[in-house]
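The values are calculated or read from the model by the stated rules, or taken from the named source; none is laboratory data. As the structure is a prediction and not an experimental result, all values here were calculated from the model. We place every Cβ from the backbone using ideal geometry, glycine too, and count neighbours over all the protein chains shown. Keep in mind that these areas ignore ligands, DNA and RNA; they rest on the heavy atoms of the full protein, side chains included. Shrake-Rupley method; radii C 1.70, N 1.55, O 1.52, S 1.80 Å.
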Amino acid sequence: MKNKISYWFLLGLAIWLLIIFLRKKGITIPVISNHLTDCITVPMYTYLIEYLMNNILGYHWKPDFKFILSSTLYLSILFEVICPMLSEKFTEDILDVLAYLAGGMVYYFHRTILLSLFKREDM
């Protein structure tokens, strides 16, 4: 991982900020406003931890399948179980859990399989 922040991470951050802005203006686009942010949460969370571990703390760490599954479980419990008990702003939704899982699996597939295919072709 290079010291530069990924364009994909910045794009995800921009999407989140845009959706927050639209929500504050009272504009909601059903699937995008409800599940897109959940779908990009695990990839952004995983990338941020990987970036901090490697570039700030100096480790050489890559997220594995268990990390992505445990992150999905952690975020699901936090945002779909605990937060709804503490605040009415949060709602529990099984589709959000599926969006976390889908985002994590796409990220894992991209990081492990697709990138390894491109690295083999470059050799």
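Structure data summary
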{"read-out": "Residue match in the stretch 26-37 (condition: touching a Phe, Trp or Tyr at 6+ places or on another chain (Cβ under 7 Å) and either surrounded by 12 or more Cβ atoms within 10 Å (Cβ to Cβ) or touching a residue at least 12 places away in the same chain (Cβ under 8 Å) (or both))", "value": "yes"}
{"read-out": "Residue that is modelled with the lowest pLDDT, among those in the stretch 78-121 that are of a type in the set (S, T, N, Q) and assigned to a loop (DSSP other than H, G, I, E, B)", "value": "91"}
{"read-out": "Any hit, the stretch 52-64, residues being in contact with a His (Cβ under 9 Å, 6 or more places away or on another chain), without any contact (Cβ under 8 Å) to a residue 40 or more places away in the chain and open to solvent by 40 Å² or more (accessible area, probe 1.4 Å)", "value": "yes"}
{"read-out": "Selection status of residue 19, of a type in the set (A, V, I, L, M, F, W, C) and either surrounded by 16 or more Cβ atoms within 10 Å (Cβ to Cβ) or closer than 17 Å to residue 94 by Cβ (or both)", "value": "yes"}
